[in-house]
Structures are given as structure tokens and as C-alpha cells.
Amino acid sequence: MKGALFVITAPSGAGKSSLIDAVLKDDPRLRLSVSYTTRPPRPGETNGREYHFVDEQTFLAMLGRGEFLESAEVHGNRYGTSQAVIREALARGQDLVLEIDWQGAQQVRKLYPDCVGVFILPPSVAELERRMRARGQDSDEVIRRRLESAGEEISHAPEFNYAIMNKDFDEARQDLQAIIRVERLKRSRS
């Protein structure tokens, strides 16, 4: 049976990465697709684990060769998902999570219309800002730009199959796990 592709999107600070990490720990059948990015690693990030960190020239060369399933420029950095990695993993029956922005999700849906889209919503813009500041990784200017773009990002939530409000982390994690279970059950019956 072909693997399932879960496309998970959220504005920066909504808790998408934390939710995905928690679900991956509990589900050995689920694997994270590691994207490429031109942004520098944050403290604690490792090349090949959170992202494949590459320079602009390398990224553009990969883009020019058509290696990306999707790619986008977000907050001045480029992001892309390897087309070959996704195709091969799904063919092997692996269930994959793509942690990408709404622009990338639109591109993926064109090529994989049966993918499952999940949008993670923050409880409020004020909470989004509090979370960004608590990370202590971004300047006031970066936070301001991300908050400005959050409204546009959130406006794309209706394009997804599911939306989860991440007000309570454990509840949001259980919601994401339930979505994955339901989608696997649907696929096993078709």
C-alpha cells in the first residue's frame, strides 16, 4: 500500500514543530521529510535533522535542476522539499509529514491531490508574539515581519482538510494523532 502524505502548515510560533516532534516520537510508522533551507541553523539544530542547510547557490542549482517537489521564499530564506525523497518513501509505503508553509502546500496538492492538509492555528496573535519572544531567537524586526505575515498565512487555513487550534499542547497533539489514525483507516478501507 502506498504511504500517506501529511502536509502540516502553521504561522511561525504556532507550535507546528513541537507538535510534529511529539507525534513522531509516539508513531514509529510516521517519518518527517527533511526540507532544504538557506536560513542559518538555530541553536540546537543539526544539519540533516531539522533541515538540510545549504547556501543560496546550492539551493538555486537544485531548483534549476527541478529537484524540488515544492519550494518557497519565506521571511527572506528559501525552503524546498526533495521530490525524489517523497516519491520513493511513499512508494515504499512510508507515511510522511511535510512541515511546510501554505505556498508549498498549494504546490504539493497539485502533484499529490490525495495528501492530507493540516493547518495549526495559534489561539491569538498576542499568544503568537509571546511564543516568538519566548524562543529568544529572533530580533524585534523579524518578529514584527512574522506577525505581519501571520494574518495572510492564517487566511489560507480553509484550504486544508483539517485545522487544529494549538491552545493546549496535549489536546492539539491528541487531535493531530487522531487525524493521522482516521486518515490511515480511510486508506486501509479504500
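No value in this document is a laboratory result; all are computed from the given coordinates. The model shown is predicted, which means the values in this text are computed figures rather than measured ones. Cβ sites come from the backbone with ideal geometry, for glycine too, and all protein chains shown count toward neighbours.
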Packing-ranked peptide list from 57-63, 77-83, highest mean Cβ count within 10 angstrom first, is 77-83, 57-63
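Fewest first, what order do H52, H75 take by the number of other Cβ atoms within 10 Å?
Numbers: H52 16, H75 13.
So the residues, fewest neighbours to most, are H75, H52.
For segment 5-189, what does the relative contact order come out to in percent, with C-alpha contacts under 8 Å and a separation of six or more? Intermediate results must be reported in sequence, preceding the final value.
Working: 257 pairs, mean separation 58.3, N = 185.
It comes to 32 percent, rounded to a whole number.
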The Cα extents of segment 2-72 along the principal axes, largest first and rounded to whole Å, are 37, 35, 22
Applied in sequence order to segment 9-21, the curve 6.51 cos²θ - 1.76 cosθ + 1.60 (Karplus, θ = phi - 60°) yields integer Hz couplings, x standing for Gly and Pro, of 10, 6, x, 3, x, 7, x, 4, 5, 5, 5, 4, 4
Magnitude of the Cβ-charge dipole (Lys and Arg +1, Asp and Glu -1) of the chain about the Cα centre, nearest 20 debye, reported as 640 debye
One computes Rg over Rh for segment 1-155 from alpha-carbon atoms, with the Kirkwood Rh, and obtains 0.95
Phi angles of segment 63-69, converted by Karplus (6.51 cos²θ - 1.76 cosθ + 1.60, θ = phi - 60°) into ³J(HN,Hα) in whole Hz with x for Gly and Pro, give 4, x, 7, x, 7, 9, 5
